[in-house]
Amino acid sequence: MAEFIATRPAAERRSMALWALAMGLVALLGLGLAPLFDVDEGAFSEATREMLASGDWGHTTLNGEPRFDKPILIYWLQAASVQLFGLNEAALRLPSGIATWAWVLAVAAFAWPRWGHRAAMLAGTVLGTSAGVLLIGRAATADALLNLWLALTALELWRHAEGGADARAALRRAALWCGLGVLTKGPVALLVPVAALLLWIVTSGRARWAPRVRALLGDGGAWLIFVAVALPWYAYALHRHGMAFVDGFLLRHNLQRYGGPLEGHGGSLLYYVVLLPLLMLPWTPLLVPLLARLRAHWREPLGRYLLLWAGFVLVFFSFSGTKLPHYVLYGFTPVALLAGREAARWLEGAPNARWALYVQAGLLAVWPAAAVAVTAWIALHAARVANPLYRALIGQPAALAPLAVAALAAALGVLLLLRLRRWSPSVRWSAAGAGVALVLTLAVVPWWGRQLQAPVRAAGQRAAEVLARTDNAADATLVQWGLHLPSVAVYARREAPRRPPLPGDLALAREDQVDILAAQLAALPAGRRPSGADATLPTWQPLLRMGGLVLLRWNGAP
């Protein structure tokens, strides 16, 4: 790649370098503006905090209980970031931000020598500024990191399939990335890229089937790299936890997820067909020329490989019992590559391109306004939200005017950028996409973070202050009573198990449920009721009320 870049004109290299910096800003700017979102960010972050607190980097716990949801790599990276930059939202999200930036650059680096710098820049922009990637790229979870390894593995497998002097090295690089993917989220990191390549081999003709499979599976060096990266931690986890690890990780969080809806996350067969255009916003119009030229892409070896990669993910996960939005992003890299290629064709004057460009420009301009309009509508109609907790959280007073100003500025910025003739079309469109993305990540997402999570953060910080002043601060307990908001433990800097409180405990609960929960606790038989209540004190004392939540000190049921 370095040799290829060295041969490109200086203006092209400069344009790509500036674009790469802009994508870095999109991926990294403002990572700490929003509190941690529950449940996922809170659970990953608290598991990382407990790893650091215990000094045991071999396994993870959540509120003291073993956590088998995901393998270890994301926790190691988050822990390293926290050690460097402190326990805060930006540090916990930094590995995801860097992974997203690297993912975008890897896509552009793949497309550049094959389709030119315009298609490369646009493919990277589509990937890095689409709604779905923006969300996982700024979340303290394993998803952005996994998608980086999936993209690197699959793209290296294609370089291997192309043949040439670099074929063996490409296969061994793919083994490295695949091993890191398995260490990040498990078997899916092997399943998706290998399935894509095997499907491509099968559809390439029977005469070349056997030698290609032998080349793919018969390289001992590649297998050695994969095993050396992925196997040691799994062997350690199996040795340490035995069948508990097999049941918790391999069976529950892999096989059972596919076989049925886990934790209520189900959906129809068309779930991802509907979801993909939404996660691709504001670049959804690019799906039209992509689908219109499906046969042309299929006739090209690389086009067929990318279609099979995206198609496998769409079909395989449509049949999964558990459906989560980010699953479809495992096949978003090939969609972004093909969409970027189609966008370059539009800008180079493809038939009917003028009207298509008008539609895409209009969606870019109104996309932040649409996000703000939806936000405002939900905020102004919070009383209609069915869940009492979210009704209270969303209904908290909040300023909407700054969001409207940001949306207006984004629309004007898009229109001005697209008319800036001194820049090439691909640069203008990429700049417009980056600007729109920054409005969403610096204004809209933090607004939602403050509404939904600021009370949880405030409760955790208040609990930390109160418990630090107790006589036995190390033994003082914070519990989640009828809730699952694990980020409170991160902000309190201590475990917060989910159970009824004992006398003297602090508890986070829904304010409208405290008296009901207290009555249930008081109704328990004497032998099961927590003892030690002080009759001279009220049953509970509020320490903080905010957004429908209450942090209380429990004195005991009478």
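Over the Cα atoms of the chain, the radius of gyration divided by the Kirkwood radius equals 1.00; this is the Rg/Rh ratio. Which FRET efficiency value, to the nearest 0.05, do you get for Gln541 and Arg299 by plugging their Cβ-Cβ distance into 1/(1 + (r/R0)^6) with R0 = 60 Å? After rounding, the FRET efficiency stands at 0.25.
Take each peptide in 100-112, 389-401, 18-30, count the other Cβ atoms within 10 Å of every residue, and average; sorted highest first, the result is 100-112, 18-30, 389-401. Considering only His381, Leu521, Ala120, and ranking their Cα positions along the charge dipole of the chain that arises from unit charges at the beta-carbon of Lys, Arg, Asp and Glu, the one farthest toward the positive end is Ala120. When the Cα gyration tensor is reduced to axis lengths a ≥ b ≥ c, the ratio a/c is 1.5 or higher for the stretch 1-130, and with a/b above b/c it is classed as prolate. Shown is the FRET efficiency for Leu231 and Glu3, computed with R0 = 35 Å from the Cβ-Cβ distance and rounded to the nearest 0.05: 0.55. Three principal axis extents of the stretch 100-187 based on alpha-carbon atoms, in descending order, are 39, 34, 14 Å. As a proxy for reagent exposure, Asp515, Asp69 were ordered by neighbouring Cβ count within 10 angstrom, fewest first; the result is Asp515, Asp69. Among Arg172, Arg299, Arg341, sorting on how many other beta-carbon atoms sit within 10 Å of each Cβ, with the fewest leading, yields Arg299, Arg172, Arg341.
For the stretch 292-298, putting each phi into the Karplus relation 6.51 cos²θ - 1.76 cosθ + 1.60 with θ = phi - 60° gives couplings of 5, 9, 4, 5, 5, 5, 5 Hz, in residue order, rounded to whole numbers and with x for Gly and Pro.
Bridges between two residues of the chain, per DSSP, are antiparallel at a rate of about 75%. The ellipsoid equivalent to the alpha-carbon distribution of the stretch 354-480 has semi-axes of 42, 18, 10 angstrom, derived from the gyration tensor eigenvalues as √(5λ) and listed largest first. Between Leu269 and Gln396, residue separation times 0.36 nm minus the direct Cα-Cα distance comes to 42.0 nm. A straight chain from Glu65 to Ala464 at 0.36 nm per residue would run longer than the Cα-Cα distance by 141.5 nm.
Under 20 Å from a label point 7 Å along Cα→Cβ of Ala10: give me every residue in the stretch 418-451 with its amide N that close. Correct set: 423-424.
Amide H contacts of Trp540 (H built 1.01 Å from N, in plane; Pro and chain starts excluded): Asn555 sit under 5 Å, all sequence-distant by 5 or more or on other chains.
All of the numbers you see were taken from the coordinates with simple rules; none came from a lab. On a predicted model such as this, the values are computed, not experimentally measured, just so you know. Note that we place each Cβ from the backbone using ideal geometry, even for glycine, and neighbour counts take in every protein chain shown.
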